[in-house]
1. Below 9 angstrom from the Cβ of residue B:371, what's the summed charge of the other residues (Lys, Arg +1; Asp, Glu -1)?
2. Under the convention of a label 7 Å out along Cα→Cβ, give the distances in nm from residue B:30 to the same position in every other copy, shortest first.
3. For residue A:121, put the label point 7 Å out on the Cα→Cβ axis and report which residues of region A:23-59 keep their amide N under 14 Å from it.
4. Over the whole of A:392-401, what's the average partner chain Cβ count within 10 Å per residue? Rounded to a whole number, please.
5. Quick one: grab the alpha carbon gyration tensor of the protein assembly as shown, order the square roots of its eigenvalues as a ≥ b ≥ c, and give me rounded if a/c is under 1.5, else prolate or oblate depending on whether a/b is larger than b/c.
6. Report the calculated FRET efficiency for residue A:160 and residue B:282 (r = Cβ-Cβ distance, R0 = 35 Å), to the nearest 0.05.
7. Just add up the charged neighbours of residue A:334: K/R +1, D/E -1, any other residue whose Cβ is under 11 Å from the Cβ of residue A:334.
8. What residue in chain B has the Cβ closest to the axis turning B into A, and how close is it in whole Å?
Protein chains: 2
Amino acid sequence: MTSMKKLTFSAAATLPRGFQATGLAAGLKQNGAPDMALFYSEPPATLAGVFTTNQVKAATVRLDAERVAKVGVARGIVVNSGQANACTGKQGLRDARAMAAHAAKQFDVPANQFLVCSTGRIGVPLRMDIILPGIEKLAKAVSPQGGEQAARGILTTDTRPKRFTTTFTVNGQVCRLTGIAKGAGMIQPNMATMLAFLLTDARVERGALQQSLRAAVAQSFNRITVDGDQSTNDTALLLANGSAGHSLLKPGHPDWAAWVAALEGVTFRLAMEMVRDGEGAQKLVTVRVQGARSAADAEAAARSVANSLLVKTSWVGSYPNWGRIMDALGYSSAKVNENKVEIHYNHLLAVKNGLKAGASLERLAKIAARKEFTITIDLHMGRQAATVYSCDCTEEYVRINM
Amino acid sequence: MTSMKKLTFSAAATLPRGFQATGLAAGLKQNGAPDMALFYSEPPATLAGVFTTNQVKAATVRLDAERVAKVGVARGIVVNSGQANACTGKQGLRDARAMAAHAAKQFDVPANQFLVCSTGRIGVPLRMDIILPGIEKLAKAVSPQGGEQAARGILTTDTRPKRFTTTFTVNGQVCRLTGIAKGAGMIQPNMATMLAFLLTDARVERGALQQSLRAAVAQSFNRITVDGDQSTNDTALLLANGSAGHSLLKPGHPDWAAWVAALEGVTFRLAMEMVRDGEGAQKLVTVRVQGARSAADAEAAARSVANSLLVKTSWVGSYPNWGRIMDALGYSSAKVNENKVEIHYNHLLAVKNGLKAGASLERLAKIAARKEFTITIDLHMGRQAATVYSCDCTEEYVRINM
């Protein structure tokens, strides 16, 4: 492996070579906010994707999953926000296909090489009378500078766009990776993610591309929760169009690690931004469980704490309510012995052997008042660990969703 | 079986013969609200109990469970609210034993025939300097008329006392059953309940008493959720002191059904009161899943919907957001085919074959605006059913718990 320089990540949607994009307000949202986006790759791009494991799936998820599995090549993605195209039956599938076909037609590329994503209200038929003209406008407006507009066009209750760009080197060639995502609510992805679009000019072998995406998602989008509700529309798509022209990346290539680091860096940062900008969220709280008997136990214990409504509301008031954490551990499916549990807030010990210990309430409360802090729970039952990133559940969350 | 007259249930804590009780403000709560209660039975009462299955258990749960299993006879129960005596280690167990012993001493009865319950903040050592004098005052103040005071002494964030009394006939003798409970938050009992005290002057065989309690709890306290958080302190105790003097009740007795109906009627009504008075709750929503492939699937699907934060917040705004119900069904562990799902709001069809159908949004919204309504979900996958009673998640819930 060649020496790898430390990557830097900028909060920008600077598109890699060969990509164009844009976003606009087509009229799906009553408030006039941007509600459509389009990504286009001049060269055919190798395609990878991961999707929600919810049994109730949006039409777009069904269509894209088929194209990832069977086509493997993409020229673009068309996205609408405001309507999820979920629970829309056969008409929903017809609409998703028509969206992709109409976008493909504008660029004179094969219809099955366009992907389509929707996000918004479930159970509402798509306003195709708005979407089809929107696609035509998008196709005329795409440009290599349009990443930022695209990042805005995919948002729903997000308060800000989420995008990161990094560069990495393959065979001495500088490559770029841009990630653009949306989050906000109905966030507890499972082997999938919310909408995330990852674009690179690197050349990556198709199987390796899919494998690297799956691994990066497992450590980023699949580790976050806003409200424990897994969506019907979670989708992450990765397009590698090879414009950089280097030798094909796959495991064993001297610069494979640089690609993995870039991809993991961008997806992790996007995931953290989703939690920070979770509906009504004021705090990003890292819940780490270690010393679990099994990996499944570590995961179950961390999710139980990270999703407990009483734990999440206690974070609002900055009260270090470790009793609620003990309670949530106790009812998780993980094997827990309350007399062994140890809890830290950042580096301050709060609980030892299941009892109050160490730092004063005042010192713990100062940590719990921060915008970001970590709760580390050692079960002392084994050697497995898991981390979940969560946020507080505020009155604003209720107002947004009522 | 003899003919059984329809039972009536009054919202009162009228104690059965042989029982005395009272409640008072001992000083555990800073706001001066009642925080202790005591129940006493003149004759030794046959004892039954069920407890939280949380692995993190209050000291009182450990002590009472041992006494239910090994002693089987009780003379009384002493209760404090404000402090849970959970996560308090060996000192907690010593304190629980000392509470029971001090109460027993006041009545000159064996120490192991007193039960003890605590509810309130986890992880705080009991203020025994307040509790022991409190017990002495309680013992002096108990009376056959003290049920109402006792019902108030056990409350925490509950806004009102929860108690029901009914009468039933055994061998022509009128017997009485009184149930007194508290709920509010950290409510999703599992094979157990929040604090509930059931007192009767009926004579019931010990094994049958335990069996009837377990069955009644399974259909009442175990079917409710406020926030999905299962407590460390859930306890239901049932004392049958036999003052009515009839022949011993057990399955096969001609009036066994009357006993079961009385017990199920009181526990179910107490459970519904817990949901109606859930922290911040404005609505009681019955979530019934039928047509599930297995009983476990029915249960999982109903709990997934009843605990979904997005479903619970949608109830606040009276919006019939069936898309969120579909989403929560889809990520439950139950086998779901979205094309088969049918959803009713009360008797109005909202979804058929997974798609919007039947009633208009306006008509559905009128139902969702009611204080109480039922969502019936037919998965059309099999023949099993389960019902869970839930409430909305309001801004007030967040304020109470932050």
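Only the coordinates and a few stated rules stand behind these numbers; no lab work does. None of the values given here were measured: they were computed from a predicted structure. Cβ: placed from backbone, ideal geometry, glycine included. Neighbour counts: every protein chain shown.
1. With Lys, Arg at +1 and Asp, Glu at -1, the neighbours total +2.
2. Distances to the matching label points in the other copies: 4.4 nm.
3. A:28-32, by backbone N distance to the label point.
4. Mean shielding count: 6.
5. prolate
6. 0.60
7. +1
8. B:395, 2
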